[in-house]
Every structure is written in C-alpha cells, then in structure tokens.
1. Could you grab the pairs with beta carbons closer than 7 Å, sequence gap of 6+ or different chains, first residue in segment 220-245 and on the phi > 0 side of the Ramachandran plot, second one open to solvent by 20 Å² or more (accessible area, probe 1.4 Å) and part of a loop (DSSP other than H, G, I, E, B)?
2. Among the residues of segment 195-219, which ones are free of Cβ contacts under 8 Å to residues at least 40 places away in the same chain and assigned to a loop (DSSP other than H, G, I, E, B)?
3. Of all residues in segment 146-169, which are open to solvent by 50 Å² or more (accessible area, probe 1.4 Å) and not polar (S, T, N, Q)?
4. Are there any pairs, at least 6 apart or on different chains, whose C-beta atoms fall under 9 Å, with the first in segment 105-116 and more than 13 Å from E170 (Cα to Cα) and the second at pLDDT below 90 and of a type in the set (G, A, S), and if so, which?
5. Residues of segment 100-121 being modelled with pLDDT under 90 and either polar (S, T, N, Q) or assigned to a helix (DSSP H, G or I) (or both), which ones?
6. Enumerate the pairs (first residue in segment 130-146 and modelled with pLDDT under 85; second residue anywhere and in a helix (DSSP H, G or I) and open to solvent by less than 50 Å² (accessible area, probe 1.4 Å)) with beta-carbon separation below 6 Å, excluding pairs fewer than 6 apart on the same chain, so at least 6 apart or on different chains.
7. For segment 1-54: of the residues being among the basic types (K, R), at pLDDT 95 or above and more than 16 Å from L242 (Cα to Cα), which is surrounded by the most Cβ atoms within 10 Å (Cβ to Cβ)?
Amino acid sequence: MAAGTAMQAAAAATPLAVEIDGLAVVRGGRVLLELPRLAVRAGERVAIVGANGAGKSTLLRVLGGFVPATTGRVRVLGRELGRELGPALPARALRELRAEVGQMMQGLHPVPRLTARENVLIGALARWPGWRSWARLPSPALRAEAEAALAELGLAALADQRADRLSGGERQKLALARLRLQRPRLVLADEPTSALDPTAVEEACAVLAGVAQGATLLTVLHHPALLPRLAGRVIGLREGRLVWDLPVERVDAESLAQVYRAVARPGPGLGAPADEVHLAPALVDGRARGVA
C-alpha cells in the first residue's frame, strides 16, 4: 500500500507534457474532435487507436500546432496554443515549441531536392550555431551523428540520394533518423510503421522507442501487436470522442471492437441501418499473431 501511494505521489509530481480542457475542433459544421479532458505526463508513452475518421490524426495536429482548436484550452510543454478565433501563440514561441516537438505526420514529407543526409541534419537545426545554419555548414560532430542515424536505419548507402527518389518506406525511415538528431521532448508519431515491410517494423519500433527515451511519446497505431512495444497507456477514439483510456495490459478484443466497430448509418432506399463491420481476426488477436 505504501509503495503504491509513493508511486502515485511521484506520478502526480511529474509535470504535464500535454493538457487539454474542453477541446472541440469543428470544420464545416462537423465535429472532428471533442475531448473534455486529457492529460499526459512527461515521459509517458501513449498510443491512440480508432477507426479512420476517429480524430486520431486531428489530435496530433492540434498538439503540433497545425490545427487550431475551435474551443477549449490546449497546453503543450507548458505553452498554451491559440484557438481558431482567439489569440494565436506568437510566431517565435511556436517555432521554439516545434523545435522541442518531433513529428512523424502523414503529409509531412522530407524536402524533395535535399539529400537524405541533408534532410536528417534538418532535425538538428535548433542545435546549429547561427552562422552554420545560415551557411548550411553543420559541424563535423553533427555530420557524424547524421551518418550514424542513417546507418542505424539501413540508409547509409542512400545518404547522398535525393529524398524524392526514395521509396515510401525509406522516407519513413528518414523521418525516424531526423527525429534522432532533433532530440525532442515530445514525439508525435502518426502510423510510423505504415509504409514499412514487416521485417523492418521491429527495427523501426526500437528506433522510435530509443528516440523517445526520456521524452513523451504519442503514437497513432492500428496494429495491436505494436501497442506493448510503444505504449504503456492506450486511448481509444470513436467519432472524435474518447471512448476509453486504459493501461496497455487491459486493452483486449472487446475494447478494440468498441472503437473499430462501424457506426450504423441509414442504408440506401429504406433507411435501414447498415450492417455492423467487425474487426478482422488479425486486428483482434494481433498480439498473438504479430504484425500482418
């Protein structure tokens, strides 16, 4: 009992990396996300699951400062983000925040005309002295760090290849290497293994976990097999709303079905509800089968 109380006290004393109160994101009259309350403590590893359109990517984009809240309060690493119709976070403060937030987002691509090495070095821009960043002259130590990150992900032979000539999986690995150099305090990863071959998924998870060592990690995942590797806590979203918030060991087929089950909608003609779509077996027992 005393040990449990001490652990709870220690957790309560840990500062919040993410704090959300009364958040709503509305676009075109449609509620994309509605979260009355969400708190993530520094150092936590949280996975976000749910069907397409559940609001997972929207949540990460709100936290990254790309999508403003319509209403509510959002604080990330101690900074309050602006609302759609309210005062925005000053540009300098937003730049400082983004230097501390590592992002692997769908749609955030490497700079096409730069080489793989140059794209990785972008992750360390906040650590370059001013004149070196203007002149694009990284220090020898940073160059060595970039080479090591590329080698770790099997991209050493592609270091001088332009980013627009890389495959989708190679670009995803490149984003991981860039995160390695950034050394972020908060990592937002949206399906970080979606473009990878099954043989590369384990390696990518290990790198992502290493990048997030000592940082806070929020990851959108669709494969339950990956949940224990990247999260200690899982939140389930459905139609933009929080359905459950559980320790990873309590996430089972029943809880996953609650967020992946299709919403009943009027069918054609007679207005009858559409058939319920059930989870594929590989999704339900993914931890037993491994990643498909």
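The values are calculated or read from the model by the stated rules, or taken from the named source; none is laboratory data. Remember, predicted model here, so these are calculated numbers, not experimental data. With ideal geometry, Cβ positions are generated from the backbone for all residues, glycine too; neighbour counts draw on all protein chains shown. Note: accessible area is taken over every heavy atom of the protein model, side chains too, but ligands, DNA and RNA are not part of it. Shrake-Rupley method; radii C 1.70, N 1.55, O 1.52, S 1.80 Å.
1. So the pair list comes out as E239/V263.
2. Within segment 195-219, A195, L196, D197, Q213 qualify.
3. Hits for segment 146-169 are E147, A148, A151, E152, G154, A156, A157, D160, R162, D164, R165.
4. The qualifying pairs are Q106/S194.
5. Q106 - this is the single residue of segment 100-121 that is modelled with pLDDT under 90 and either polar (S, T, N, Q) or assigned to a helix (DSSP H, G or I) (or both).
6. P138/L121
7. Of everything passing the filter in segment 1-54, R45 is surrounded by the most Cβ atoms within 10 Å (Cβ to Cβ).
Residue-wise test of (1) of a type in the set (S, T, Y); (2) at pLDDT below 95; (3) open to solvent by 60 Å² or more (accessible area, probe 1.4 Å).
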{"residue": "R171", "(1), (2), (3)": "no, yes, yes"}
{"residue": "A195", "(1), (2), (3)": "no, yes, no"}
{"residue": "C205", "(1), (2), (3)": "no, yes, no"}
{"residue": "T216", "(1), (2), (3)": "yes, no, no"}
{"residue": "L221", "(1), (2), (3)": "no, yes, no"}
{"residue": "A225", "(1), (2), (3)": "no, yes, no"}
